[in-house]
Amino acid sequence: MSESVRNTKHARNGELEQLLADLARDLAVGSDRPPAAADGPARPTVFLVGNARSGTTLAMQWLAAGGAFTYPTNLVSRFPTAPWVGERILRMLTDPTCDHRGELTLGADARPEPWTSDLGKTKGLLEPHEFWYWWRRFLPDAPVAEPEVDEAGMRRELAAWEAVGDKPLLMKGLIADWCLPWLARVLPGALFIHV
C-alpha cells in the first residue's frame, strides 16, 4: 500500500524503516546461510489462514500465549532476512534464564494490555506479528497460485528459526491464502487452521 494513502495513524516510521534496512544489510552476510543442517522444519509448521478481520490475530495471540510455539513476535519481525537471529536476541532479552541478575527485567508497566490489536497490529516484544516483510521476500507478487521462489531457501530459514526456538513454528499465513496448495507442497508437514 502506498504511504500516501495510509492513514497517518498507520503510516510507517521512516526512521525505523531505515534502521531496519541498515540492520538487514549488516546481517545479510550471514543471512544467506541459515545455521540449520535440516532441509526444512523438523516439526509441523502451523499456519493460521482466513479472511482479514476474521479473528486471526486473536487466535494467534491465544495460541502464542500457551507457550507451545515459536512465532514471529514484534521483535523477531525486525529481522525478516534472518528470523533465527531475531529469535536469539528475543531469547536473550526475555528468557528468565538469560536475565543475569535482573538486568533486562521489564517492569509490569512495560507489559501491554493482553488480547488487543489495531488492524492486526499488536504491542509488546512478545506479541505476535503478521511478518509481512518475511512473507514478501518469498511471495513478492501475491496473490499467485504457484509462486516462483526459492522454496529450498524458505524451508532452510524456517528450519533454522524452528531450531533456535526449539518449538513448532506458528505463523499467520493470510498473504498465502491464494497459494495454500503450493505452501502445502513446499511444507508437506504443515497444518492449516482456517479462522
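Does Val164 meet the test of being buried (at least 17 other Cβ atoms within 10 Å of the Cβ), under 18 Å from Asn74 (Cβ atoms) and in contact with an Asp or Glu (Cβ under 7 Å, 6 or more places away or on another chain)?
The answer is yes for Val164.
Among the numbered criteria (1) at pLDDT below 95; (2) buried (at least 18 other Cβ atoms within 10 Å of the Cβ); (3) of a type in the set (Gly, Ala, Ser), which single criterion is violated by Ala190?
Among (1) at pLDDT below 95; (2) buried (at least 18 other Cβ atoms within 10 Å of the Cβ); (3) of a type in the set (Gly, Ala, Ser), the lone unmet condition for Ala190 is (1).
Within the set of pairs 6+ apart or on separate chains, which have a first residue in the stretch 98-125 that is among the hydroxyl-bearing types (Ser, Thr, Tyr), a second that is at pLDDT below 80, and C-beta atoms under 6 Å apart?
Thr105/Asp99
The rows are residues; the columns are (1) assigned to a loop (DSSP other than H, G, I, E, B); (2) touching a strand residue (DSSP E or B) at 6+ places or on another chain (Cβ under 8 Å); (3) β-branched (Val, Ile, Thr).
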position	(1), (2), (3)
Leu48	no, yes, no
Arg53	yes, no, no
Thr57	no, yes, yes
Trp84	no, no, no
Arg88	no, no, no
Met92	no, no, no
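Rundown of residues vs (1) more than 27 Å from Gly14 (Cβ to Cβ); (2) over 14 Å from the mean Cα position of the chain (by Cα); (3) charged (D, E, K, R), yes/no style:
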residue	(1), (2), (3)
Thr97	yes, yes, no
Gly102	yes, yes, no
Leu119	no, yes, no
Val149	yes, yes, no
Ala152	yes, yes, no
Leu170	yes, no, no
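Would you mind telling me which numbered condition in (1) out of contact with any Lys or Arg (no Cβ under 6 Å at 6 or more places or on another chain); (2) more than 26 Å from Leu27 (Cβ to Cβ) Pro112 fails?
(1)
Applying the selection to the stretch 145-195, what residues are under 22 Å from Lys121 (Cβ atoms) and among the β-branched types (Val, Ile, Thr)?
Correct list: Ile175, Ile193, Val195.
Evaluate the following for Leu183: is it surrounded by 17 or more Cβ atoms within 10 Å (Cβ to Cβ), in contact with a strand residue (DSSP E or B) (Cβ under 6 Å, 6 or more places away or on another chain), of a type outside the set (Gly, Ala, Ser) and not in a loop (DSSP other than H, G, I, E, B)?
It is false that Leu183 is surrounded by 17 or more Cβ atoms within 10 Å (Cβ to Cβ), in contact with a strand residue (DSSP E or B) (Cβ under 6 Å, 6 or more places away or on another chain), of a type outside the set (Gly, Ala, Ser) and not in a loop (DSSP other than H, G, I, E, B).
Does the stretch 126-146 hold any residues that are farther than 21 Å from Val195 by Cα, in a loop (DSSP other than H, G, I, E, B) and either touching a strand residue (DSSP E or B) at 6+ places or on another chain (Cβ under 6 Å) or in contact (Cβ under 8 Å) with a residue 60 or more places away in the chain (or both), and which are they?
Listed by number, the list holds a single entry, Leu126.
Residue check, Thr73 against (1) surrounded by 14 or more Cβ atoms within 10 Å (Cβ to Cβ); (2) at pLDDT below 95, all met but one. Which one?
Condition not satisfied by Thr73: (2).
Have a look at Val164, Val149 and point out the one that is assigned to a loop (DSSP other than H, G, I, E, B) and farther than 19 Å from Trp62 by Cα.
Answer to the selection: Val149.
The values are calculated or read from the model by the stated rules, or taken from the named source; none is laboratory data. Since the model is a prediction, treat every value here as computed from it, not as a measurement. Neighbour counts run over all protein chains shown; Cβ positions are idealised from the backbone, glycine included.
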